[in-house]
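Step one of this worksheet: look at the structure below.
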Amino acid sequence: MFRTVKDFIEDYKQESQGTQKLLDLLTDESLGQSIGEGRRTLGFLAWHLVHDDAGMLVKIGLNFKAPAANAEQPQSAAVIADTYRETAASILEAASQWSDEKLLESHNLFGQVWENGDTLQKFIKHEVHHRGQLTILMRQAGLPVAGVYGPSKEEWEQMGMTAPK
């Protein structure tokens, strides 16, 4: 749970940069990649990280600029990546307007009462969860994957090293 807005901003800056690195590697052709028939596609998951989805942050009163949940998913990977960049910046700007006391306010989300500081942490974990799904689908689509918490296989190779097994 975040106790200070500064801590959320620092954490989200880092996590959103990791997500941005992945989104910047997507191609238009890769957006249709899924793990199987009737499953979420790479494009769906990427767009899910961009739109406001009337989800956690909206419900706790964080006012930021993002496409509506019912906005049609772009068929351009560059548009998705650019829109994520704008949305993440807007979230950071909106959060910077909050006081630390605002983090202690509670709201009912998904049938549970969460303090805003807890919701912000869950929001980041939600993004990290989907980022993991993105990397699997990116591999299946034959795309390189950017390292977030350490080098990816491709990044090890660029350094002239063998990735640990």
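Structure values in brief
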| quantity | calculated |
| --- | --- |
| Residue in the stretch 33-55 that is in a helix (DSSP H, G or I), surrounded by fewer than 18 Cβ atoms within 10 Å (Cβ to Cβ) and more than 17 Å from the chain's Cα centre (by Cα) present | no |
| Qualifying positions in the stretch 126-158 - more than 27 Å from residue 11 (Cα to Cα) and at pLDDT below 90 | 157, 158 |
| Residue 15 vs. criteria among the acidic types (Asp, Glu), over 16 Å from residue 125 (Cβ atoms), at pLDDT 95 or above and assigned to a helix (DSSP H, G or I) | no |
| Scope the stretch 1-28; condition among the small types (Gly, Ala, Ser) and either in contact with a Leu (Cβ under 9 Å, 6 or more places away or on another chain) or within 16 Å of residue 76 (Cα to Cα) (or both); matching residues | 16 |
| Residue among 2, 8 that is assigned to a loop (DSSP other than H, G, I, E, B), surrounded by 18 or more Cβ atoms within 10 Å (Cβ to Cβ) and hydrophobic (A, V, I, L, M, F, W, C) | 2 |
| Test result for residue 90, surrounded by fewer than 17 Cβ atoms within 10 Å (Cβ to Cβ), touching a Lys or Arg at 6+ places or on another chain (Cβ under 8 Å) and within 21 Å of residue 11 (Cα to Cα) | yes |
| The stretch 1-44, residues that are over 14 Å from residue 130 (Cβ atoms), touching a Gly at 6+ places or on another chain (Cβ under 8 Å) and without any contact (Cβ under 8 Å) to a residue 40 or more places away in the chain | 32 |
| Flag if residue 99 is more than 23 Å from residue 25 (Cβ to Cβ), surrounded by fewer than 16 Cβ atoms within 10 Å (Cβ to Cβ), in contact with a strand residue (DSSP E or B) (Cβ under 8 Å, 6 or more places away or on another chain) and among the polar types (S, T, N, Q) | no |
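The values are calculated or read from the model by the stated rules, or taken from the named source; none is laboratory data. Remember, predicted model here, so these are calculated numbers, not experimental data. So basically every Cβ, Gly included, is an ideal-geometry build from the backbone, and we count neighbours across all protein chains shown.
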